[in-house]
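Since the structure comes first, as C-alpha cells, the remarks are kept for the end.
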Amino acid sequence: MTTQNLVLWGAGTMRTHRTLWLAEELGLDYEHRPIGPRTGETRTDEFQAINPRHKIPAMVHGDVCLTESAAIMTYMTETFPVPDHVQVPDDALGRARLLEWCFFTMSELDANAIYSIRRHGDLVEIYGASPIAVRAAIEYFDHQLECMEERITGAGPFLMGEKISVADILFMSCLDAAEHYELALPDWLRDYRIRMRARPAYAETYPRNYGWRSAPEV
Ligand SMILES: N[C@@H](CCC(=O)N[C@@H](CS)C(=O)NCC(=O)O)C(=O)O
C-alpha cells in the first residue's frame, strides 16, 4: 500500500499529537482533519462511521480504519517504509520490549494517571470532581516514573536505544500532558525532553496540533 489516501483525524490533545508526530518522522503524505474533542466535530455522521466512540485520533487508510493512537502508530510503522532513524524491531524480543514500553505508557501513565487527572480535575461536569482521585493519580504518575528512572536513563538516548521509536513518542506525549497539568517532572528527564523537543517532526507538529500554543521550554 502507498501512503495515498492516508487521513489522520484529530487535533488538540496529546493523543492526536502522537500520530501527527510519527507521520512526520516517517515522512508520510497524509491529509490532516483537525477536528477537536467535545466540539461536536466528533459527532458528525461522517466521523461516527469512523469511530462510534467519537474519540480522536482516528486513522483511515483506504478501507482500513483504526481508532487507538498506539494501534495507529504501530500500523504506520509496519505498513509504510520506515526511514533509518526510526526503530522498528523485527525480532520477537525486540518487539516485546517495544510493546512493554508502549503498554507501560498507555496503561500506567496515560490511562491510569493522566486520564484520571483530566477526568476528575478538568472534565468534572462529566465525571465528577475528585481532588482525592487527582492527587492519587499524580502520586501514581510520579511513582511509575521514579521506578523506571534507571531503565530510562540507562537506555539512552531513546527508550529502545540508539533510535527513536513509537515508544518515545507515546512516552513524550505523556510528559507533555504532565507538564500541561503542572506536574513536577524529575530533573533526570530534562535531557530526554530537550532531545525530543529538538526533533523537527515534533517542532512542526506541536503547534499544528495544539494550535494555540507552541512547545514551552524545558
Ligand atoms: N486510548 C485512546 C484515547 C482516545 C481519547 O480518549 N481521546 C479523547 C481526546 S484525548 C477524546 O476524543 N475525547 C472525546 C470524548 O471522549 O468524547 C487513544 O489513545 O487513542
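Quick notes
- Among the residues of region 59-85, those identified as charged (D, E, K, R) and closer than 15 Å to Leu22 by Cβ are Glu68, Glu78.
- Arg95 satisfies every condition listed in (1) part of a helix (DSSP H, G or I); (2) surrounded by fewer than 18 Cβ atoms within 10 Å (Cβ to Cβ); (3) within 15 Å of the ligand (Cβ to nearest atom) except (3).
- First in region 107-125 and of a type in the set (A, V, I, L, M), second anywhere and assigned to a loop (DSSP other than H, G, I, E, B), Cβ under 6 Å, 6 or more apart: Ile117/Tyr181
- Elements of type strands (runs of 3 or more DSSP E) in region 1-69, at least 2 residues being surrounded by 16 or more Cβ atoms within 10 Å (Cβ to Cβ) and among the hydrophobic types (A, V, I, L, M, F, W, C): 6-9, 58-61
- Scoring His54 on the criteria (1) free of Cβ contacts under 8 Å to residues at least 12 places away in the same chain; (2) near the ligand (Cβ under 10 Å from one of its atoms); (3) more than 30 Å from Glu146 (Cβ to Cβ) leaves a single failure, condition (1).
- Wholly within region 107-218, helices (runs of 4 or more DSSP H) carrying at least 3 residues that are more than 16 Å from the chain's Cα centre (by Cα): 124-127, 131-155, 190-197
- Checking each residue in region 73-92 for being part of a helix (DSSP H, G or I) and loosely packed, with under 13 Cβ neighbours inside 10 Å picks out Glu78, Ala92.
- Each residue in region 29-40 was checked for being modelled with pLDDT under 95 and in contact with a Phe, Trp or Tyr (Cβ under 7 Å, 6 or more places away or on another chain), and 0 pass.
- Scanning region 57-73 for residues that are under 12 Å from the mean Cα position of the chain (by Cα), more than 7 Å from the ligand (Cβ to nearest atom) and of a type outside the set (Gly, Ala, Ser) turns up Ile72, Met73.
The values are calculated or read from the model by the stated rules, or taken from the named source; none is laboratory data. Here the structure is a predicted model, which is why all the values come from computation and not from measurement. Note that each Cβ is placed from the backbone with ideal geometry, even for glycine, and that neighbours are counted across all protein chains shown.
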